[in-house]
Each structure stands twice: as C-alpha cells, then as structure tokens.
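Notes to accompany the following structure.
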Amino acid sequence: MKNRKKLVALVLGVSVIFSSVLMTSGMAATTSVNSKSVLASASVDNNFNDIVLSPGADSSQLNFNWYSSNSNAKPVVQVALKSDVTGTDFPVSTAQTFSGQTSIGNNGFTANKVSTTGYKLNTQYVYRLGDGTNWSATYSYNTYNKNSYSFLFAGDPQIGAGGDISKDSAGWVDTLNKATKLFTDNSFMISVGDQVNNGKELNGASNESEYTGYFAPEQLKSLPVASIAGNHETYGPGHKTHFDAPNLSDKYGSFDAGLSGGNKDSGTDYYFTYNNTLYLMLNSNDVNEADHQQFMKDAIAKNPSATWKVAVLHHSIYSSADHETDADIIQRRVDLPPIFDSLGIDVVLDGHDHCYTRTYQMKGGQAIKTDAVDAQGRVVDATGTLYITANSASGSKYYEMQQPGTNNFYEAKKEQIKVPTFSRVTVTSNSFTITTYRTDTMTQTDSYTLLKSTKPDVSSANVIDQINSLPASSAITLNDKNNVQNARIAYTALSADEQKLVTNITSLSDDETQIASIEAAAVKAADQQAAATVIAKIDAIPQNVALSDKETVTALRTAYNALTDAQKALVTNYNKLTTAESTITKLQTPAVTTTPVATATTATATPISRVTTTASTLPKTGQFVDESVLMALGLVLIIAGSSVILISRKRKRV
C-alpha cells in the first residue's frame with residue numbers, strides 16, 4: 001500500500017515538471033517570433049531621401065519636403081514638444097499630425113510636401129515623416145527669440161561644378177558643420193541658387209546625385225532652407241520638387257527652359273516673413289523685371305509693418321568677378337536698382353559670381369558715402385540699398401576678380417580668398433548685421449551693420465514681443481498669469497524713453513484686467529462653495545437636538561469659524577447653528593432641587609437640621625464603603641466554601 005502511494009506521487013510529480021517545461025518552451029518560442037517581427041518592422045527602409053525643411057509663410061509655420069519611393073501614400077508629418085519625449089519613443093499621444101501633397105520628382109521618386117503650423121518662440125520640437133504607417137527616424141527642430149534672430153547666408157554650393165560630386169559635397173558638409181558649431185541658434189538659412197551644377201559634367205545623367213550631395217549635411221534636417229533657383233537649376237529638373245517654398249506666386253517669376261532642353265519649371269517668386277522682416281525671394285532667371293516689381297509691391301502691401309525688406313536673387317547686380325561684365329548682368333544692373341529704390345528695399349542678397357562683394361549704400365545708381373555712423377561703426381538711417389554678393393560656400397568653383405586691387409565705384413569691400421565662406425546675419429528690431437567668415441580659420445573677413453534710430457531698440461522690442469506673444473484678453477486664462485506678470489516686470493524695467501516705444505502696452509493692461517477679473521470670479525466661486533458646504537452641514541442638524549449631537553454641532557462651529565468674513569456672510573442658516581448650540585448647553589446643565597428654608601419661628605427647625613446632618617453621613621449605594629463590605633463578604637464566602645470542599649474530599653479518602 002505504501003509503495004503504491006509512493007508510485008502515484010512520483011508519476012504526478014514528473015507530469016507537473018514535464019508540463020512546466022513544455023509551457024516555458026512555448027512561451028519562449030512565441031517571444032522569439034514576436035521579437036523578430038518587431039525588429040523586421042523597425043528595419044524596413046522607408047526611403048526618406050533628400051529631407052529638407054523650409055520656412056513657412058511666417059515664423060509660426062514650417063514646411064517639409066522629402067523624396068520617397070512610395071507614390072501611393074499620402075505624406076504625413078507628426079510634430080511634438082521635445083519635452084514630451086520619454087526614452088527613445090516618439091510621443092504620438094501629444095503630437096500634432098499634418099498631411100500634404102505629392103508630385104513626381106527626379107528618377108521616378110515621389111516628392112512629398114507638408115506644411116505645418118503652431119510653433120512657439122524659444123521651444124524645442126521633435127518630428128517624424130511618414131505615410132501614417134511607416135515612419136522615418138525622429139529629428140529635432142528648435143525655435144529661438146523672435147525679436148532678435150539670426151540666419152546663415154550661403155552662396156553657390158553648386159555641387160558637381162568641381163568635377164567631383166563627393167569632394168564638392170564634402171566641402172559643403174564641412175562649411176555647415178563649422179557654421180552650426182560656431183553658431184547654434186540659426187533660425188534658417190538662405191541659399192541663393194546654384195545648389196547643384198546640372199552642367200555638362202553629368203553627360204546627360206540625372207542630377208539627382210548632385211541633389212543627394214547638397215542634402216548630405218545632417219543640419220538640413222533641423223535647419224530650414226529658403227532657397228531660390230539659380231541659372232544651373234534651369235539646366236535640369238528637381239528644384240521645385242526638392243524644396244517647399246511658401247507663398248509661391250502663381251504668375252510672377254516663372255521661367256521655362258524647356259525649349260532649350262532644360263528645366264521647364266524652376267519655381268516662381270515667393271516671400272515669407274520672419275518677425276519684423278519681409279524676405280522677397282525672386283527667380284531672377286526671369287528677366288521680366290516689371291513682373292518682379294509687381295510681385296514685390298503686392299507682398300509689401302500685405303506686410304506694411306515690416307521694419308526690414310530684403311530682396312534675394314541669384315544673379316549678381318553689383319559684383320566683382322567674371323560675371324561683372326556679362327550682358328545680362330549689366331542689364332539687370334540697369335533695370336533692378338531703380339525698382340529696389342522705389343520700394344525701399346534695405347538689403348539685396350545674391351550670388352552667381354563666386355567672389356565676395358559688399359557695396360556702399362547705393363541709390364540712383366550712385367554710391368552713398370555720407371551717411372552717419374555711430375560710435376560702434378553702424379550706419380545710422382542709411383540711404384538707399386546695401387548689396388551683398390556671396391562667394392562659394394562649398395569651394396566647388398571660384399571666379400577671379402576683374403580688377404584685383406582696385407575698387408569699382410560701388411565696391412566698398414571685395415575679395416577672392418579661394419576658401420569657402422558663409423555669412424551670419426543677425427536681425428533685431430532696429431539693426432541688421434551681416435558678418436562673413438572663412439571656413440579654414442573661422443575668422444571674420446567682413447562685417448557691416450545698418451541701424452534704424454526711429455525703431456525700438458532691442459530692450460523695448462523684446463517687451464513688445466513678450467506682449468505680442470500673450471493671448472488676447474478674450475482668450476486669457478489663469479495659466480497665462482506668470483507670463484503677464486513677467487511682461488509687466490520687463491516693461492517696468494525699461495527707461496521712460498524706452499517705455500514710450502512699447503506701442504502695445506494697452507494689450508498688456510487689458511490682459512492684466514482680465515486676469516484680475518478671472519481671479520475675482522474664482523475667489524467668489526470659492527467663497528460660495530465654502531459657504532455652501534457649511535450651509536449643507538448646518539441644514540443636516542436635526543430639528544430636535546439631543547445631547548448626542550454635541551460633537552457634530554461643535555465640529556460645525558469649528559468649520560464656520562474657519563471661514564473668511566466674506567464666506568461667513570454667505571451662510572444663510574447661521575441661526576440654526578446657534579440655536580442648536582443653545583440647546584446643547586441646556587441639556588448639559590443639571591437640574592437644581594431647591595430645599596425650603598425654615599424661618600426662625602419654626603419649632604422643628606433644629607430637628608430638621610440634625611436629621612439632615614445624620615442622613616448625610618450614611619453610606620450611599622455605590623460608594624467605596626459599600627463596595628468594601630461587599631468584597632469582604634464575598635471573600636469570606638469563598639474561603640468558607642473552599643474549606644467545605646477540602647474537608648469533604650478528605651473524608652472520601654478516609
């Protein structure tokens with residue numbers, strides 16, 4: 001029997017162990033399959049090529065452009081705050097999703113364009129590209145101070161012009177690496193044409209390899225590029241499908257090189273604004289200057305409050321190298337400056353001549369050298385327009401100066417150092433500074449500042465920006481209180497003269513009034529709620545108050561006393577509390593028995609007194625004497641009983 005029990009136990013144990021092994025193996029196999037599936041999905045190549053950001057219509061917007069191999073998918077961009085990122089996961093739950101449009105790009109690729117909006121100042125974002133199912137890696141984009149901002153200015157990377165796409169691309173990557181390492185807060189970059197070469201060096205091959213070289217710098221996934229078409233963008237397709245420009249004109253600045261075997265569509269004129277600056281981006285391949293003039297007039301009319309007006313085009317107006325004497329450049333030098341003069345253009349940025357040139361202030365075709373200069377060397381309230389022609393930003397090609405060592409009438413500064421250069425432009429409310437650097441030593445080669453004395457200085461402008469960034473009074477909430485207070489503190493810190501330049505101070509006052517009103521309403525609501533709570537508890541006091549309600553009534557008194565005077569005034573049933581308290585007090589007071597006092601003539605006065613005294617000395621039930629007697633009696637009874645029992649047991653034994 002014992003052996004049989006042992007056998008059964010052994011069989012059961014082995015079965016349990018064997019089942020556990022099978023279950024563990026099955027779970028491990030399932031986990032292995034799932035892991036492979038996840039890894040396979042993550043490693044899918046979604047082919048996100050030539051990714052580039054571009055400025056949107058204004059500083060709250062941003063455009064995205066990329067090439068993909070999926071022509072049927074709808075392009076999607078998701079944008080989220082970087083602060084919402086946990087670990088390596090993209091914060092899908094808090095991201096905004098934007099959809100866009102597609103077109104056919106180079107080599108059968110699909111060009112994807114998506115416009116996004118809602119960006120705030122001094123904020124870090126993350127984004128990813130996709131089609132709703134497949135997604136790119138996560139990239140970042142930062143915004144900076146809107147009032148005082150900076151951007152990079154690059155001329156003619158012209159990838160492929162040196163005959164070696166890889167070498168030209170490496171030079172371009174090196175320039176952006178050094179520029180963004182030295183300056184980490186660039187809001188965008190202006191690229192003034194000839195991004196690629198598209199020339200005879202390709203021998204009829206696709207120019208996509210040159211675009212791949214242009215988009216090689218990783219910075220272009222975080223640094224928006226405002227590009228325009230140069231003459232080399234007309235030799236082959238790709239410019240319009242590689243960039244997503246805002247506010248594109250539907251009739252001004254178009255150029256069709258299709259008849260000569262070139263690009264039929266290199267884009268049109270467009271514009272964008274960034275804070276106080278209007279950027280007028282011209283496709284100067286179109287030589288119909290009247291069209292450009294009308295485009296600029298329309299854009300200026302839509303942005304009348306712009307402090308700075310900057311025109312950007314590829315073809316140089318006033319330059320110093322090979323193209324200086326080209327017939328088409330001479331014609332532009334005749335046609336365009338009068339238009340810029342009439343429109344009050346402050347600065348013209350261009351390229352094309354692969355040699356750095358900065359003009360004097362130019363007006364009416366003449367160099368102006370009599371403008372006032374302040375102690376910092378800034379030109380105050382300049383006359384006319386400043387023209388800057390950039391050298392090559394990649395080093396792919398340089399042109400020799402026409403008159404080395406001798407300045408033409410318009411040339412304030414020119415040089416050909418045969419080293420890639422770039423410029424850093426800083427714009428404030430009343431100043432525009434452009435500084436140029438050589439990439440081999442990263443030293444300055446030139447710097448120039450325009451100053452408008454009639455505009456608010458940086459301090460005043462920062463306060464203006466702070467106020468402008470606040471919601472309208474109709475939309476203000478208590479969450480905005482700190483920002484409103486900070487704006488007031490910043491305004492108070494200004495001098496009296498600086499405060500006069502803050503023209504939107506009324507908006508701040510309106511916001512403060514609204515905040516005060518919201519707070520007052522909140523206090524009133526809180527008072528009503530606190531009073532209502534006490535009122536409800538007082539109402540719960542029973543009509544017939546008993547001594548058992550004492551604790552409740554006492555707690556209510558404490559709750560009422562804790563209210564503010566304003567809250568107490570709202571307690572409409574306070575009398576019920578005081579009535580209950582009076583009732584409790586009466587119930588607590590013992591009844592007093594009155595003994596008649598005999599007069600002196602009563603014959604029984606003395607006996608009554610003696611009887612009373614004698615009676616008062618008698619023990620009362622429940623007093624200590626009574627208890628002691630009872631306890632002693634009990635003890636005696638116990639001892640007696642025990643004795644009887646012991647005697648009885650002894651007798652039985654006998």
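The values are calculated or read from the model by the stated rules, or taken from the named source; none is laboratory data. If you're wondering where the values come from, they're calculated on a predicted model, not measured in any experiment. Virtual Cβ from ideal backbone geometry, glycine too; neighbours counted across all protein chains shown. Only protein heavy atoms, including side chains, enter the accessible area calculation; ligands, DNA and RNA are left aside. Shrake-Rupley method; radii C 1.70, N 1.55, O 1.52, S 1.80 Å.
Rounded to the nearest percent, how much of the accessible area of region 322-469 (1.4 Å probe, protein heavy atoms only) is carbon and sulfur?
On the way: 2740 of 5720 Å².
Roughly 48 percent of what the probe reaches on region 322-469 is carbon or sulfur.
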Heavy-atom accessible area per residue, region 465-539, 1.4 Å probe: how many Å²?
-> 59 Å²
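Report the semi-axes of the equivalent ellipsoid for region 425-557 in whole Å, largest first, where each axis is √(5λ) for an eigenvalue λ of the Cα gyration tensor.
Details: eigenvalues 737, 62, 22 Å².
Equivalent ellipsoid semi-axes, largest first: 61, 18, 10 Å.
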In debye to the nearest 20, how big a dipole does region 328-421 give about its Cα centre with +1 on each Lys and Arg Cβ and -1 on each Asp and Glu Cβ?
-> 240 debye
Which residue, chosen from 275, 261, 349, occupies the Cα position most advanced towards the positive end of the dipole of region 226-353, where the dipole is computed from +1 (Lys, Arg) and -1 (Asp, Glu) charges on Cβ about the Cα centre?
-> 275
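If each residue of separation counts as 0.36 nm, what is the full-extension length gain between residue 565 and residue 181 once their alpha-carbon separation is subtracted? Numbers along the way, then the final one.
Working: separation 384, 0.36 × 384 = 138.24 nm, distance 6.22 nm.
Separation in residues times 0.36 nm, less the Cα-Cα distance, equals 132.0 nm.
Quick one: if the Förster radius is 51 Å, what FRET efficiency do residue 523 and residue 426 give, using the C-beta to C-beta distance and rounding to 0.05? All intermediate terms of the calculation are to be shown ahead of the outcome.
On the way: r = 46 Å, r/R0 = 0.91.
My answer for the efficiency is 0.65.
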Per residue, what volume in Å³ does the Cα convex hull of region 328-389 take up?
-> 88 Å³
Overall form of region 522-566 per C-alpha gyration tensor (a/c, 1.5; a/b vs b/c) = prolate
Taking every alpha carbon pair in region 267-383 and sorting the distances into 10 angstrom bins from 0 up to the bin holding the longest one, the percent per bin comes out as 12, 43, 35, 9, 0
Between residue 366 and residue 486, what is the FRET efficiency for a Förster distance of 60 Å, r being their Cβ-Cβ separation, to the nearest 0.05?
-> 0.80
Region 328-483, convex hull of Cα, quarter of hull surface, nm² -> 13.6 nm²
Any residue on another chain or 5+ positions along whose placed amide H is under 5 Å from the amide H of residue 422 is listed here as 437
For region 48-150, rounded, prolate or oblate, judged on the Cα gyration tensor with a ≥ b ≥ c (square roots of eigenvalues), a/c < 1.5 rounded, else prolate if a/b > b/c?
-> oblate
Region 366-455 - Rg (one decimal) and Dmax (whole number), Cα, Å = 14.7, 43
May I ask you to give the solvent-accessible area per residue for region 221-316, in square angstrom, as obtained with a 1.4 angstrom probe?
-> 34 Å²
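Given the Cα atoms of region 136-238, and with Rh set as the inverse mean 1/r over their pairs in the Kirkwood sense, what is Rg to Rh to two decimals? Write out the running numbers ahead of the final one.
Values: Rg = 14.5 Å, Rh = 14.4 Å.
Here Rg/Rh amounts to 1.00.
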Among the aspartates and glutamates, which have Cα under 19 Å from the Cα of residue 418 when same-chain residues fewer than 8 positions away are ignored?
-> 156, 164, 168, 174, 194, 322, 324, 350, 353, 400, 440, 446
Taking region 88-133 as the region of interest, what is the percent of Cα-Cα pairs per 5 angstrom bin, listed from the shortest bin to the one with the maximum distance?
-> 5, 14, 24, 22, 16, 11, 7, 2
How far apart, in nm, are two points set 7 Å out from the Cα along the Cα-to-Cβ line at residue 327 and at residue 408?
-> 1.8 nm
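Evaluate the charge dipole of region 71-217 about its Cα centre and quote only its size in Debye, nearest 20, assuming +1 on the Cβ of each Lys and Arg and -1 on the Cβ of each Asp and Glu. Each step should come with its number before you reach the end.
Numbers: 10 positive and 12 negative charges, 100 e Å.
Rounded to the nearest 20 debye, it is 480 debye.
Using the heavy atoms of the protein chains and a 1.4 angstrom probe, tell me the accessible area per residue for region 119-170 in square angstrom.
Numbers: 1980 Å² over 52 residues.
I get 38 Å² per residue for this part.
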Thinking of region 488-587 as a set of Cα atoms, what percent of all their pairs are more than 16 Å apart?
-> 67 percent
First measure r as the distance between the Cβ atoms of residue 101 and residue 218, then evaluate 1/(1 + (r/R0)^6) with R0 = 41 Å and state the FRET efficiency to the nearest 0.05.
-> 0.95
Work out how much length residue 510 to residue 468 would gain on full extension: take 0.36 nm times their residue separation and subtract the Cα-Cα distance, in nm to one decimal.
-> 13.9 nm
